[in-house]
1. Do the conditions hold for residue 192, that is, is it closer than 26 Å to residue 62 by Cα and at pLDDT below 95?
2. So, of the residues in segment 74-111 that are in contact with a strand residue (DSSP E or B) (Cβ under 9 Å, 6 or more places away or on another chain), near the ligand (Cβ under 8 Å from one of its atoms) and in a loop (DSSP other than H, G, I, E, B), which turns out to be nearest to residue 150 (Cα to Cα)?
3. For residue 141, indicate whether it is over 26 Å from residue 85 (Cα atoms) and surrounded by 15 or more Cβ atoms within 10 Å (Cβ to Cβ).
4. Give me the residue from segment 49-69 that is touching a helix residue (DSSP H, G or I) at 6+ places or on another chain (Cβ under 6 Å) and farther than 19 Å from residue 218 by Cβ and, out of that set, surrounded by the fewest Cβ atoms within 10 Å (Cβ to Cβ).
5. If you go through segment 193-216 one residue at a time, how many are loosely packed, with under 13 Cβ neighbours inside 10 Å and within 14 Å of the ligand (Cβ to nearest atom)?
6. How many residues are closer than 22 Å to residue 196 by Cα, in contact with a strand residue (DSSP E or B) (Cβ under 7 Å, 6 or more places away or on another chain) and part of a helix (DSSP H, G or I) if we restrict to segment 117-138?
7. Being in contact (Cβ under 8 Å) with a residue 24 or more places away in the chain, in a loop (DSSP other than H, G, I, E, B) and more than 15 Å from the ligand (Cβ to nearest atom) is true for just one of 269, 259, 245. Which residue is that?
8. Return yes when residue 149 is outside any loop (DSSP other than H, G, I, E, B), in contact with a strand residue (DSSP E or B) (Cβ under 8 Å, 6 or more places away or on another chain), assigned by TED's automatic domain parsing to the domain that holds residue 249 and closer than 29 Å to residue 36 by Cβ and no when it is not.
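The values are calculated or read from the model by the stated rules, or taken from the named source; none is laboratory data. In this text the structure is predicted, and so the values were computed from the model without any measurement. Backbone-built Cβ (ideal geometry, glycine too); neighbour counts: all protein chains shown.
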Ligand SMILES: C[S@@+](CC[C@H](N)C(=O)[O-])C[C@H]1O[C@@H](n2cnc3c(N)ncnc32)[C@H](O)[C@@H]1O
């Protein structure tokens, strides 16, 4: 693949997903797109690059999907989940006593380990949200990641990464060399495909948003645009959880750091607290 062909692919991928592919990723692009070129009858990756703009939608989708990095594991980085148990869930459950509903969004859920980790914590702390209903919406751009997430079927290696053995025993059943998430956990999570660059009009409003380890793939403008869109679908006293390497620096100032590293709230949350006000019921509902 020459530099012009690489440019065609990286322009397309950035437009369709926000993911920036630097020139150093040329080898990665080549190895990931080779099977797609073969499967769709292109002579090689160069031919795929040259024909991409006029390619059928299925080819374009496959190219975008192939360029996503779906690295994830159960309870990744631990702190975001400790914060969920110690700060986010108690606070949100208290604030939503009157409305009866907590909505959580995992906005780059990959193959499902992140939302399933949250679901396990919700079951562990059932008493905290007794009388309320909880919904976890889990989305990702990658259709193949979402398909795997829906199946909830993981290898021995995947369950060994981060999942405490007592949770494995409590919430999974063994199927040969794989482990399958229980129906009780599966029922708590609704998976669907969603592009963070897309239209947020129909997804509703959330109390908690996990948007971890995805902003790092975007350029400054895209990150700003995504954070502004995420803010619009959050309650003013909600919580945003970012990855260890993500920050809100360079955004339009919608969020500020909350109790701990990686945890953010809309700036309105502080104003509401300082004013000694409860969140107005119209906003909280
Ligand atoms: C490295 S994984 C992070 C998974 C999980 N949040 C974690 O921290 O373990 C990044 C995910 O972001 C998804 N992604 C990339 N661009 C996206 C976009 N524009 N919209 C939605 N998801 C996107 C990828 O498909 C991938 O599954």
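1. no
2. Applying the filter and picking the extreme gives 111.
3. It is true that residue 141 is over 26 Å from residue 85 (Cα atoms) and surrounded by 15 or more Cβ atoms within 10 Å (Cβ to Cβ).
4. 52
5. 2
6. Total satisfying the criteria: 1.
7. Within the list 269, 259, 245, the selection yields 259.
8. Yes; evaluated as a whole, the condition is true for this residue.
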